[in-house]
Amino acid sequence: MNFNKNQTILFNKNLDSLNNPTLKEKLKELSITHYELILGKDSLDINLKDTKNHTFLYQDAIKELDIMLKTYNEKYLLYPVLYFYGFGNGILFKALLKNKYHKHLVIFEKELEIIKIMFHLLDFSQELKENRLLILDVNSLEFQDYYDLCSTSPFFEFSRTYFLELSSDYYEKDQEDILNLNNNLIDKFKNAILLKGNNSKDILQGIQQLIYNLPTMLTHPPYQNLLKQRENLSDTAIIVSTGPSLTKQLNTLKQYANKATIISADSSYPILAKHDIKPDYVLSLERILLTSEFFNNDFKEFDKDIIFITTHLTHPQTIKNLKRNNRNFMLAYRGSEIAKYLKIFKYGELSEGHSVANVAYGLAVFLRHKNIIFIGQDLAYGEDGFSHTKDYQNLDKHEGHYQRDFGNFRALAYGGKGFVESSFIWNLFRSFLEKRIHEANQLELCTTYNCTEGGARIEGTIEKPFKEVCEALLKEDLKKPFPKVEVLSKDKQDELLLKSYYKIYKSIKHCQDFSQELLKAYNHILESFSNLNLISNLNEGKEILDYLIQEIDKIKTKLEDGKNMLDLYEILGPLLTQFELNLARIYVLNPKTLEDSYNKSLLWVKEHIEFFNMVYEHIKAQEKALIENITPLENELKKRNLEKYMRKINNAK
């Protein structure tokens, strides 16, 4: 296909404005081989013929454009983000972006020749430059592309208004690609929401256990000291999980244990002890009582020189079990707004992710290992239906696990051939693990091997037999045990303990003051809202609703004050996220009459009244959690003869 000079200039202008370097290069080099351009008398009548199957982009370009615009201007006028499969002739998007409410149009296209042709005919440069028009190549979408889109603003905030539209019937030929794309987007939106947290009960338990565990955390070695004192001591780390395939790897692991850093999941630790394979680190994440059973044993000399790393929110029984047998352990926080509020930065921050393997991978990267090896990381059921290796002590607790996790899930098998039975939770673990591995690959931090030899494929890893990788990488014994990780000085511990005590009491007062302020505003709004039943005039009712919305915005402004609300964001975070996601559905409603406008405002105010009531209950729950769990910290301060400072803090509040 030949283009004139002006069309070539226009193409280059569009290309220069495209904020996607990979797609830019592809379009630059692409040859147009199987589309024929068809121009009608009207400037809007731009069509293409697919010469491979003799079909057309549109049956009637202008009529189809009119139908789409009418639909979108009526139903989706207020949608900040819209998603389309197929670039078409692009005129629809030029028209839609004249609407100031449409902040972004996300276009997925498989046939890049279509984009190249249209870039010669229409000027999209401004829309591309401002990222209002986002074009993604279906052929090369990777995990990171989905993650970046689904977890960033405003795409995340309006994830519950997401739907995927075909720009024309021509694209129905790509049904399988469309279905796959749609499922991927839905899954990644779900993952992004889960990462933000969706269970206030779990959050509250975490806050309770952080405050209760605080004196233990501050009197044990800080995580940052570990990273500083032990980096670059070993080239290779082996992360040991408890998938069904672990058993077959134990002999090789024992043979090479002194030549690599061994990072064990808590569930793998008793198995390694049984086979006399000493890990260097044992990681534990769960806050539940059941997890403490992994440490309810006495392996005597075997535990010497192992560092047990658990989180700020671990169950107190886990700490009791670790202390009882004189194990060397530390507590480190991760993703905790309360911990950041307390400013105990030396004790964080563990990597994000919902599984021990995610955190173990982060530890291995932070310790500057050049090679990281996974074994036992199946993330799938074995052929015999078991979820974990048969030595796993809680095997009976996982029977029927994947059916309970929202149904059956399949994943691409290790080696890329066929599929294995997985679960929603394991798919979630794997997606976050793949994100970490992708980031490490991009930054060239390390090479990651999946030597599980079974289970699900983990994208971004090199799949090789465990023994083969060990023979290639592990030649010499390491100088073990690694250097001891030091605790902070007594004076520094005293300082952190007192500062934490002060901050907790300050937060208790904040909970009391803000909850009273919120309750007063809530009652005022609720009373005015209740009086709407006495008003029959829509205009008068709308004025009252507009006033209430202004009052609501005053409270929300205070809630969104990151600096002053930091101590409450952990308990309120999941609630705020879920509320805003649901509120987006009301925001995009397009009222056409005064009655529609009234009902939208009515719904908006009603939702906020219920929300403020929940915020009040959550704040009071945090206040209670802080008061009830500060006793161990008070006892530690008394043991250190710091009562006079405690009295000063109490009198000052």
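Annotations
- Candidate set from the stretch 290-336 (those that are in a helix (DSSP H, G or I) and aromatic (Phe, Trp, Tyr)); member that is nearest to the chain's Cα centre (by Cα): PHE294
- Of all residues in the stretch 628-641, those that are assigned to a helix (DSSP H, G or I) and modelled with pLDDT of 95 or more have Cβ atoms under 6 Å from Cβ atoms of residues that are among the aromatic types (Phe, Trp, Tyr) and surrounded by 19 or more Cβ atoms within 10 Å (Cβ to Cβ), 6 or more apart or on another chain, in ASN629/TYR212; PRO632/TYR212; LEU633/TYR501.
- Under the condition of being under 21 Å from PHE158 (Cα atoms), without any contact (Cβ under 8 Å) to a residue 60 or more places away in the chain and either among the hydrophobic types (A, V, I, L, M, F, W, C) or in a helix (DSSP H, G or I) (or both), the residues counted in the stretch 578-596 number 3.
- Any hit, the stretch 517-534, residues being surrounded by 20 or more Cβ atoms within 10 Å (Cβ to Cβ), within 30 Å of ILE344 (Cα to Cα) and at pLDDT 95 or above: no
- For the stretch 437-459, the tally of residues that are under 18 Å from the mean Cα position of the chain (by Cα) and either among the acidic types (Asp, Glu) or under 17 Å from ILE375 (Cα atoms) (or both) stands at 4.
Conditions (1) closer than 23 Å to GLU111 by Cα; (2) modelled with pLDDT under 95; (3) in the same structural domain as ILE458 (by TED's automatic domain parsing); (4) crowded, with 18+ Cβ neighbours inside 10 Å, marked per residue:
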| position | (1), (2), (3), (4) |
| --- | --- |
| LEU141 | yes, yes, no, no |
| GLN144 | yes, yes, no, no |
| THR152 | no, yes, no, no |
| PHE155 | no, no, no, yes |
| PHE158 | no, no, no, yes |
| LEU166 | yes, no, no, no |
| ASP169 | yes, no, no, no |
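- Members of the stretch 569-603 that are over 20 Å from the mean Cα position of the chain (by Cα) and small (Gly, Ala, Ser): SER597, SER601
Results for (1) outside any helix (DSSP H, G or I); (2) out of contact with any strand residue (DSSP E or B) (no Cβ under 9 Å at 6 or more places or on another chain), shown as yes or no for each residue.
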residue	(1), (2)
GLN7	no, yes
LEU15	no, yes
LYS26	no, no
THR33	yes, yes
GLU36	yes, no
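- Taking the stretch 188-289 and the helices (runs of 4 or more DSSP H) fully enclosed by it, the elements with 3 or more residues that are in contact with a helix residue (DSSP H, G or I) (Cβ under 9 Å, 6 or more places away or on another chain), under 30 Å from PHE611 (Cα atoms) and in contact (Cβ under 8 Å) with a residue 60 or more places away in the chain are at 200-218.
The values are calculated or read from the model by the stated rules, or taken from the named source; none is laboratory data. Small disclaimer: the values here were computed from a predicted structure and weren't measured. Glycine gets a Cβ as well: all are built from the backbone with ideal geometry, and neighbour counts include every protein chain shown.
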